[in-house]
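Quick notes on the structure that follows.
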Amino acid sequence: MTTMHDETEPVDVSDPRLTRFDIVKEGARRDEIEIVTYESQFHGTDSKAEKRVARNIALLFLLAGAAGLAFLGFYIWWPWEFELGDTLSDYYTPLLGISLAIALFGIGFAILAWAKKLLPHEVSIQQRHNGGSPAEQQTITGQTMLFVGEELGQGVQRRPLLKGAIAVGLAPLGLAVAAPLIGGLIENPHKDDPPFMFSTGYNPAHNGGKPVRLTREDGSPIRPDDVSTGGQMTVFPGIPGGATNEWADSPTLLIHLRPDDAALTRANANADPRNKDSMWGDYVAYSKICTHAGCPASLYEQQTNRLLCPCHQSQFLITRNAQPIFGPATRRLPMLPLTVDDEGFFVAVRDYKDTVGPDFWERP
Amino acid sequence: MKRRKVDLAQAPVTFAKGVDERYKAATPLRGLLNKVFPDHWSFLLGEIALFSFIILLLTGTFLTLFFDPSMKEVVYDGAYPALRGVPMSAAYESTLRLSFEVRGGLFLRQMHHWAALLFVAAIVVHMARIFFTGAFRKPREANWAIGVLLFLLGFLAGFTGYSLPDDGLSGTGLRIASAIMLSIPVAGTWISASIFGGEFPGHLIIGRFYIAHVLLIPAALLALISIHVGLVFVQKHTQWPGPGRTNTNVVGERMFPRYALKQGGFFMAVFGTVALMAGLFQINPIWLFGPYRASEVSSASQPDWYVMFMDGLVRLMPNWQIYIPIGEGYSIPPLFWPAVVGLGALTTIPMFYPWIEARRTKDKSIHNLLQRPRDNPERTGIGAMAFTFFIVATLSGGNDVIADKFHISLNAMTWAGRIGLLIGPPLAYFISVRICLGLQQHDRQVLAHGVETGIIRRLPNGQFIEVHQPLGPVDDHGHPIPLEYGGWVVPKKMNRVGALAPAIKGFFFPVEKPAEAPVSPGMPPVTAAEEREEITSGR
């Protein structure tokens, strides 16, 4: 089978007796293709079956046209502007999708049916040539490349001055090209004092040296009575923009514990040198930013006194200095030292002692 | 004056001649028109990815005309009442405007997102096809590596696109991305600060991701896809074994007219599917998530499906932190292992698989014929192992949703994932290798003894035997001469060798139909022997 095309003689394409298909076959032969079968799928011309297929394909095209018109109609005339409640505009996108899909499926299936049912069946065999070029060609090209290399290489070898000069000349140029592309991007994370990884909006430095109040999202300060027993509230540093993403590490969870939980929490906190005396009454404040990947660890399980981070399910035990007790987090949530100022509002005694947010290399 | 006669019928000929005189196009054009492609449904999986990519370019260009990649804070005052008066970034605001106040904007946005999901899904399924059939073997190793790179680029394109609307979900994704960068030893804080332009989230990241998403990554994708498809053209497509098919030929159809027409129809069908999904299935309803705020997250925060495996690995990783007690002390957080080392390894090691396999089997020959997965049990086992790993990791990426919906303990889901990730893959390897060997054995059994007919014959001595229908010639005693395995489907039922007429006729195909050779039409794989031995019934 593989040698079949060699047996046939080349055809003179100017021969007027040849049909067009003969010339096509000759072209295929020159491309090393043997057209084994190319036969109509129907018996005879104008058969009933052929007419039926043609009719179906025409129908699909017409369906596509109708659906395309419907799409245009919906697009132009269907009410599309958003309104609340159950309105016709709710159906705008579905109608666009359905009508466009019908139009595209119509065209697609019409073309597929045409190709699969109407066009003759075909089996062709094309030769492929595995492996590389002829050995002679490989030799010639290889020698040419070696020649080029030698011309340049010998030149350098004979003139050692060039060798050094090229290295010394090209290396700085490469760096000079790369430097402005990359250099502008580089930011020193340690340039602020204190570096931003180690400080939050509760740092008194952001409030003119005064302790920072705990505020709601709208900036209003919080009295102890505002949080009921067993309740919790997300609080932000009371500085300009303190509740915005400018201070993405500052969101804090203020929890008013039940008395017996509070006693346990206080005992555990006071036993820890870094969290000692950080609670105020039965209130405790933990950073809301998970020490694993930085999501807000915001699911407060009141009954078990756990905080759960919904991103990767790290769980922290509130009564035990927010130690992680399950999941991928390794480090406890930092505790914000709390007190109440002269006017009776919560303030942070100072910034978090521990680093807030996900861990990194140089965290001491 | 004599009127100059213009022969309209000759105009195309004159034009074509003119073109050829200038560009010498006739011979290469004929080669292109004549190029033979083998045909099999599994060769079209890559096309789905290609067509999705075209849809992505079209819809994505439309989206850029309305999207404002800026993190400047604005106050919403648009058509969606629930968010009026809420401060948000211009990026989020413009995405809301695109969804509510641009005619057909939501439709095209959803089309873009669905096409993106389909793009990556098609890449994964296409890669599975290439892997399990050994299509990556010499001479196509480099094209496999390019394909793996394309997956990685698709992953990055998806992640950057997911981040752009700056809604609650995408901001959470960015936060995790920043944490992943921070986890890199030594340079972590520098990398994160450099990419975000300072502290997270900064004001630059949306603009930077935007240019990566609409220019850098698509340009790289376009270049690599061109090389990928170009290499398929130059090296010619692989084919299944079958009658007349050898390692040195391609059996199929010429590109024109039939093959190209089918491709066009298929493109329209893919396009239609994406349009239907975009119209009917809501995706990423950002107005429900609200603008990104560092203090807010909802439960069941899920990334797009192709990022879920990584999220799952991050969830399953035990909290092992490495402390280095030098100076003030340094640490490597557990996030580093699944997210940086894991993703790096999972996208680079597979790239080298063709060379690893060739080295192991000391196989230096050229392969243009595909292998059925059963014929290389070891490779199939490795593939099953990889997919089991991927599936366990992906399911773990949604383990909170599973725990919630099926009332399972969340911690139990995490432990099931941890254990499943360790014992699932080896188990999958063992099972799939056994299945492959069993299938091989059965193929050879049928080739040696023939097809089971279901007819039981009682011999004069009282013994019962089942009558087998030989698939080929028989020897003097009527025993079949064993046939050699050809690497393709062996008929195993009498219906498949034409013993019974199709049971059902009508709209659906008959239930049993002779196994089609992997060539489209015309060539039955097993020509039923003319002088087939009559089955003597046991009556």
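The values are calculated or read from the model by the stated rules, or taken from the named source; none is laboratory data. The shown structure was predicted, so the numbers you read here are calculated from the model rather than taken from an experiment. Heads up, the Cβs are rebuilt from the backbone with ideal geometry, glycines too, and the neighbour counts pull from every protein chain shown.
Any residue at all in the stretch A:76-89 that is surrounded by 17 or more Cβ atoms within 10 Å (Cβ to Cβ) and under 25 Å from B:Leu96 (Cβ atoms)?
First pass over the stretch A:76-89, keeping only residues surrounded by 17 or more Cβ atoms within 10 Å (Cβ to Cβ): A:80, A:82.
Then keep just the ones that are under 25 Å from B:Leu96 (Cβ atoms); that gives A:80, A:82.
Yes, the stretch A:76-89 contains at least one residue that is surrounded by 17 or more Cβ atoms within 10 Å (Cβ to Cβ) and under 25 Å from B:Leu96 (Cβ atoms).
Pick out the one residue from A:Pro79, A:Pro120 that is under 20 Å from B:Gly279 (Cβ atoms), in contact with a Ser or Thr (Cβ under 9 Å, 6 or more places away or on another chain) and touching a residue at least 12 places away in the same chain (Cβ under 8 Å). Can you show your working first?
Details: A:Pro120 fails: under 20 Å from B:Gly279 (Cβ atoms).
Just one listed residue meets the conditions, A:Pro79.
Considering only residues that are on the phi > 0 side of the Ramachandran plot and away from every other protein chain (no Cβ under 11 Å), which ones fall in the stretch B:310-346?
Step one: filter the stretch B:310-346 for residues on the phi > 0 side of the Ramachandran plot, giving B:327, B:329.
Correct list: empty.
When the residues of the stretch B:184-204 are filtered to those that are more than 7 Å from every other protein chain (Cβ to nearest Cβ) and under 18 Å from B:Ala339 (Cα atoms), which remaining residue is surrounded by the most Cβ atoms within 10 Å (Cβ to Cβ)? Don't jump to the end; show me each part of the working.
Pass one, the stretch B:184-204, residues more than 7 Å from every other protein chain (Cβ to nearest Cβ): B:184, B:187, B:191-192, B:195-196, B:202-204.
Add one more test, that the residue is under 18 Å from B:Ala339 (Cα atoms), and what stays is B:184, B:187, B:191-192, B:195.
Values: B:Ile184: 21, B:Ala187: 11, B:Ile191: 19, B:Ser192: 26, B:Ile195: 18.
Looking at residues that are more than 7 Å from every other protein chain (Cβ to nearest Cβ) and under 18 Å from B:Ala339 (Cα atoms), I get B:Ser192.
For the stretch B:347-397, enumerate the residues that are part of a loop (DSSP other than H, G, I, E, B) and on the phi < 0 side of the Ramachandran plot. Outline the logic, then answer.
So the first thing to find is which residues in the stretch B:347-397 are part of a loop (DSSP other than H, G, I, E, B), and the list is B:362-368, B:370-372, B:376, B:397.
Passing the criteria: B:Asp363, B:Lys364, B:Ser365, B:Ile366, B:His367, B:Asn368, B:Leu370, B:Gln371, B:Arg372, B:Asn376, B:Gly397.
In the set B:Phe37, B:Phe43, B:Phe15, which member is out of contact with any Ser or Thr (no Cβ under 8 Å at 6 or more places or on another chain), away from chain A (no Cβ under 14 Å) and under 29 Å from B:Gln239 (Cβ atoms)? Give the steps one after another, and end with the answer.
Working: B:Phe37 fails: away from chain A (no Cβ under 14 Å); B:Phe15 fails: under 29 Å from B:Gln239 (Cβ atoms).
Going through B:Phe37, B:Phe43, B:Phe15 in turn, the sole match is B:Phe43.
Among the candidates B:Val401, B:Val433, single out the residue that is farther than 23 Å from B:Phe151 by Cβ, modelled with pLDDT under 95 and β-branched (Val, Ile, Thr). Break it down stepwise before answering.
Values: B:Val433 fails: modelled with pLDDT under 95.
Of B:Val401, B:Val433, the one residue that is farther than 23 Å from B:Phe151 by Cβ, modelled with pLDDT under 95 and β-branched (Val, Ile, Thr) is B:Val401.
Note down all Cβ pairs under 9 Å where the first residue falls in the stretch B:1-18 and is modelled with pLDDT of 90 or more, the second is loosely packed, with under 10 Cβ neighbours inside 10 Å and assigned to a loop (DSSP other than H, G, I, E, B), and they're at least six residues apart or on different chains.
From the stretch B:1-18, the pairs are B:Thr14/B:Asp7.
So B:Tyr210 passes all but one of these: (1) away from every other protein chain (no Cβ under 14 Å); (2) under 30 Å from B:Leu370 (Cα atoms); (3) of a type outside the set (Gly, Ala, Ser). Which condition number does it fail?
Tallying (1) away from every other protein chain (no Cβ under 14 Å); (2) under 30 Å from B:Leu370 (Cα atoms); (3) of a type outside the set (Gly, Ala, Ser), B:Tyr210 fails exactly one: (2).
Starting from the stretch B:93-104, take each residue that is more than 8 Å from every other protein chain (Cβ to nearest Cβ) and list its partners that are surrounded by fewer than 23 Cβ atoms within 10 Å (Cβ to Cβ) and among the charged types (D, E, K, R), counting only C-beta distances under 8 angstrom and pairs at least six apart or across chains.
Once the first residue is more than 8 Å from every other protein chain (Cβ to nearest Cβ) and sits in the stretch B:93-104, its partners that are surrounded by fewer than 23 Cβ atoms within 10 Å (Cβ to Cβ) and among the charged types (D, E, K, R) give B:Glu93/B:Asp68; B:Ser94/B:Asp68.
Could you list, in sequence order, all residues of the stretch A:120-130 that are within 44 Å of the chain's Cα centre (by Cα) and either more than 26 Å from B:Leu33 (Cβ to Cβ) or of a type in the set (D, E, K, R) (or both)?
Of everything in the stretch A:120-130, just one residue is within 44 Å of the chain's Cα centre (by Cα) and either more than 26 Å from B:Leu33 (Cβ to Cβ) or of a type in the set (D, E, K, R) (or both), namely A:Arg128.
What is the one condition in (1) within 18 Å of A:Arg274 (Cα to Cα); (2) at the interface with another protein chain (Cβ under 10 Å from one of its Cβ atoms); (3) surrounded by fewer than 22 Cβ atoms within 10 Å (Cβ to Cβ) that A:Arg332 does not satisfy?
Going through the list (1) within 18 Å of A:Arg274 (Cα to Cα); (2) at the interface with another protein chain (Cβ under 10 Å from one of its Cβ atoms); (3) surrounded by fewer than 22 Cβ atoms within 10 Å (Cβ to Cβ), A:Arg332 breaks only (2).
Assuming A:Met197 fulfils every condition listed in (1) more than 8 Å from every other protein chain (Cβ to nearest Cβ); (2) in contact (Cβ under 8 Å) with a residue 60 or more places away in the chain apart from one, which condition is it?
(1)
Given B:Val297, B:Val307, B:Val232, which one is within 11 Å of chain A (Cβ to nearest Cβ), of a type in the set (Val, Ile, Thr) and touching a residue at least 24 places away in the same chain (Cβ under 8 Å)? Explain how you work it out, then say what you get.
Details: B:Val307 fails: within 11 Å of chain A (Cβ to nearest Cβ); B:Val232 fails: within 11 Å of chain A (Cβ to nearest Cβ).
Just one listed residue meets the conditions, B:Val297.
Any residue at all in the stretch B:277-290 that's buried (at least 19 other Cβ atoms within 10 Å of the Cβ), closer than 30 Å to A:Gly106 by Cβ, aliphatic (A, V, I, L, M) and at the interface with chain A (Cβ under 10 Å from one of its Cβ atoms)?
Yes, the stretch B:277-290 contains a residue that is buried (at least 19 other Cβ atoms within 10 Å of the Cβ), closer than 30 Å to A:Gly106 by Cβ, aliphatic (A, V, I, L, M) and at the interface with chain A (Cβ under 10 Å from one of its Cβ atoms).
Based on what the data block shows, is B:Glu73 touching a strand residue (DSSP E or B) at 6+ places or on another chain (Cβ under 6 Å) and acidic (Asp, Glu)? Working first, answer last.
Values: touching a strand residue (DSSP E or B) at 6+ places or on another chain (Cβ under 6 Å): yes; acidic (Asp, Glu): yes.
When the stated conditions are applied, B:Glu73 passes them.
May I ask you to list the residues in the stretch A:305-336 that are in a loop (DSSP other than H, G, I, E, B) and of a type in the set (S, T, N, Q)? Quick ask: steps written out before the conclusion?
First, the residues of the stretch A:305-336 that are in a loop (DSSP other than H, G, I, E, B): A:305, A:309-314, A:321-322, A:327-334, A:336.
Correct list: A:Asn305, A:Gln313, A:Ser314, A:Asn321, A:Thr330.
How about the stretch A:337-359: which of its residues are away from chain B (no Cβ under 14 Å), crowded, with 21+ Cβ neighbours inside 10 Å and not in a strand (DSSP E or B)?
Let us first name the residues in the stretch A:337-359 that are away from chain B (no Cβ under 14 Å), namely A:337-353.
Checking which are crowded, with 21+ Cβ neighbours inside 10 Å leaves us with A:337-338, A:346-348, A:351-352.
Of everything in the stretch A:337-359, those that are away from chain B (no Cβ under 14 Å), crowded, with 21+ Cβ neighbours inside 10 Å and not in a strand (DSSP E or B) turn out to be A:Pro337, A:Asp351, A:Tyr352.
Those residues that are more than 20 Å from B:Gly230 (Cβ to Cβ), touching a residue at least 24 places away in the same chain (Cβ under 8 Å) and in a helix (DSSP H, G or I), I need them from the stretch B:19-53; list them, please. Let's see the steps before the verdict.
Filtering the stretch B:19-53 down to residues more than 20 Å from B:Gly230 (Cβ to Cβ) leaves B:19-22, B:24, B:26, B:39-42.
Pick out the ones that are also touching a residue at least 24 places away in the same chain (Cβ under 8 Å) and you get B:39-40, B:42.
Within the stretch B:19-53, just B:Ser42 meets the criteria.
Check off (1) touching a residue at least 24 places away in the same chain (Cβ under 8 Å); (2) of a type in the set (Phe, Trp, Tyr); (3) part of a helix (DSSP H, G or I) for B:Phe200 and give me the number that stays unchecked.
Status for B:Phe200: all satisfied but (3).
Considering the stretch B:250-261 alone, what residues qualify as being free of Cβ contacts under 8 Å to residues at least 12 places away in the same chain, facing chain A (nearest Cβ under 7 Å) and either crowded, with 23+ Cβ neighbours inside 10 Å or within 30 Å of B:Phe107 (Cβ to Cβ) (or both)?
Once the filter is applied, which keeps residues that are free of Cβ contacts under 8 Å to residues at least 12 places away in the same chain, facing chain A (nearest Cβ under 7 Å) and either crowded, with 23+ Cβ neighbours inside 10 Å or within 30 Å of B:Phe107 (Cβ to Cβ) (or both), the stretch B:250-261 yields B:Arg258, B:Leu261.
For A:Ile102, only one of the following conditions fails: (1) within 32 Å of the chain's Cα centre (by Cα); (2) farther than 30 Å from B:Leu83 by Cβ; (3) at the interface with chain B (Cβ under 7 Å from one of its Cβ atoms); (4) not polar (S, T, N, Q). What is its number?
For A:Ile102, the exception is condition (3).
Check B:Ala121, B:Ala157, B:Ala116 and return the single one that is away from chain A (no Cβ under 14 Å) and surrounded by fewer than 20 Cβ atoms within 10 Å (Cβ to Cβ). Give the derivation first.
Numbers: B:Ala157 fails: surrounded by fewer than 20 Cβ atoms within 10 Å (Cβ to Cβ); B:Ala116 fails: surrounded by fewer than 20 Cβ atoms within 10 Å (Cβ to Cβ).
Just one listed residue meets the conditions, B:Ala121.
Taking into account only those residues within the stretch A:242-272 that are part of a loop (DSSP other than H, G, I, E, B), of a type in the set (A, V, I, L, M, F, W, C) and at the interface with another protein chain (Cβ under 9 Å from one of its Cβ atoms), which is nearest to B:Gly171 (Cα to Cα)? Steps first, please.
In the first step, residues of the stretch A:242-272 are kept if they are part of a loop (DSSP other than H, G, I, E, B); the result is A:242-244, A:248-251, A:257-258, A:271-272.
Restricting the remaining residues to those that are of a type in the set (A, V, I, L, M, F, W, C) gives A:243, A:248, A:257, A:271.
Now drop any that are not at the interface with another protein chain (Cβ under 9 Å from one of its Cβ atoms), which leaves A:243, A:248.
Working: A:Ala243: 16, A:Ala248: 11 Å.
Checking each candidate, the answer is A:Ala248.
Among the residues of the stretch B:317-340, write down those that are crowded, with 21+ Cβ neighbours inside 10 Å and under 25 Å from the mean Cα position of the chain (by Cα).
B:Pro338, B:Ala339
Quick check on the stretch A:289-304: of everything there that is outside any loop (DSSP other than H, G, I, E, B) and within 9 Å of another protein chain (Cβ to nearest Cβ), which residue is nearest to the chain's Cα centre (by Cα)? Please lay out each step first, then the result.
Taking the stretch A:289-304 first, the residues outside any loop (DSSP other than H, G, I, E, B) are A:289, A:296, A:299-301.
Checking the rest, the ones that are also within 9 Å of another protein chain (Cβ to nearest Cβ) come to A:289, A:296, A:299.
On the way: A:Ile289: 22, A:Pro296: 20, A:Leu299: 26 Å.
Only one residue tops the list, namely A:Pro296.
In this structure, does A:Gly44 turn out to be exposed (fewer than 12 other Cβ atoms within 10 Å of the Cβ), facing chain B (nearest Cβ under 10 Å), farther than 30 Å from B:Arg97 by Cα and not acidic (Asp, Glu)?
Numbers: exposed (fewer than 12 other Cβ atoms within 10 Å of the Cβ): yes; facing chain B (nearest Cβ under 10 Å): no; farther than 30 Å from B:Arg97 by Cα: yes; not acidic (Asp, Glu): yes.
No: the conditions fail for A:Gly44.
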